[in-house]
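Beneath this line is the structure, given in structure tokens, with notes to follow.
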Amino acid sequence: GQQLNQSPQSMFIQEGEDVSMNCTSSSIFNTWLWYKQDPGEGPVLLIALYKAGELTSNGRLTAQFGITRKDSFLNISASIPSDVGIYFCAGHRQGGKLIFGQGTELSVKP
Amino acid sequence: GAVVSQHPSWVICKSGTSVKIECRSLDFQATTMFWYRQFPKQSLMLMATSNEGSKATYEQGVEKDKFLINHASLTLSTLTVTSAHPEDSSFYICSAGLAGGLRYEQFFGPGTRLTVL
């Protein structure tokens, strides 16, 4: 099925560094959702975005809904070891199903 | 926040037996629930969309007689893996959609690890 282009696929960073990941699509979405998945667990919703250009924060996390409605990014500031996990973006159109990115695996070195 | 539970969290069964997985939305009513399958290091693969009171809609390539879905109430959907075989071993995750106006969110359960011997 359709997937979003999410990059990077993996990141290995030092504790305290900032992180940025993004998703792009060839088509428009009404909603962008960002999830974090820990090993052996289900994804947990971090941020939901509903308007083009919208910038939303959740603690050290900030996400933006791209102006073209075809992309979104997620930033994590001052990373800590518990930020380790796989981050997924997902796009949604009204009445449709969630379309997922391939995921970004984040590793944080203390 | 919206909470989705899943039971069991893991199950080991013999080849040829059937396994039922339950998915419940604990603090909201979900007219639509979803069942996903996830392989190691991969994204989530939608198997089917479960609609309360009606038949599930299966994705292409997913056998509906193999993966039986029932959505009997607004808070419960079940997935039954019939005549399970080792290739059915995987991580199964359910989710529930919550829509209001133009807003949409989807909340996931903790997943069920199925191992078929």
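Computed from the coordinates by the stated procedures, all read-outs in this text should not be read as laboratory data. Here the structure is a predicted model, which means the values were calculated and not measured. Glycine gets a Cβ as well: all are built from the backbone with ideal geometry, and neighbour counts include every protein chain shown.
Take the Kirkwood radius over Cα pairs of the stretch B:13-117, plug it into Stokes-Einstein at 4 °C and 1.567 mPa s, and you get 92 µm²/s for translational diffusion. Shielding of peptide B:102-114 by partners, expressed as the average count of other chain Cβ atoms within 10 Å per residue Cβ, is 5. Between B:His7 and B:Ala99, the contour length at 0.36 nm per residue exceeds the alpha carbon distance by 30.7 nm. Comparing A:Leu61, B:Met45, B:Gly109 along the charge dipole axis of the protein assembly as shown, the residue lying farthest to the positive side is B:Met45, per the Cβ-charge model.
Take the Cβ atoms of B:Thr80 and A:Gln3, set R0 to 30 Å, and the FRET efficiency comes out at 0.60. Between the C-alpha center of the stretch B:1-56 and that of the stretch A:37-110 there is a gap of 22 Å. A Förster radius of 22 Å combined with the Cβ-Cβ distance from A:Ser77 to A:Glu41 puts the calculated FRET efficiency at roughly 0.40.
Among A:13-21, B:76-84, B:88-96, sorting by the average number of other beta carbon atoms lying within 10 angstrom of each residue, highest first, gives B:88-96, B:76-84, A:13-21.
Checking Cβ-Cβ separations below 4.7 Å across the protein assembly as shown identifies B:Cys13 as cysteines lacking any candidate disulfide partner. Taking the Kirkwood radius as Rh and the Cα radius of gyration as Rg, the protein assembly as shown has a ratio of Rg/Rh equal to 0.97. For the protein assembly as shown, lysine pairs separated by 8 or more sequence positions, or belonging to different chains, with Cα-Cα distances below 18 Å total 10.
Averaged over the residues of peptide A:43-51, the number of Cβ atoms from other protein chains lying within 10 Å of each residue's Cβ is 4.
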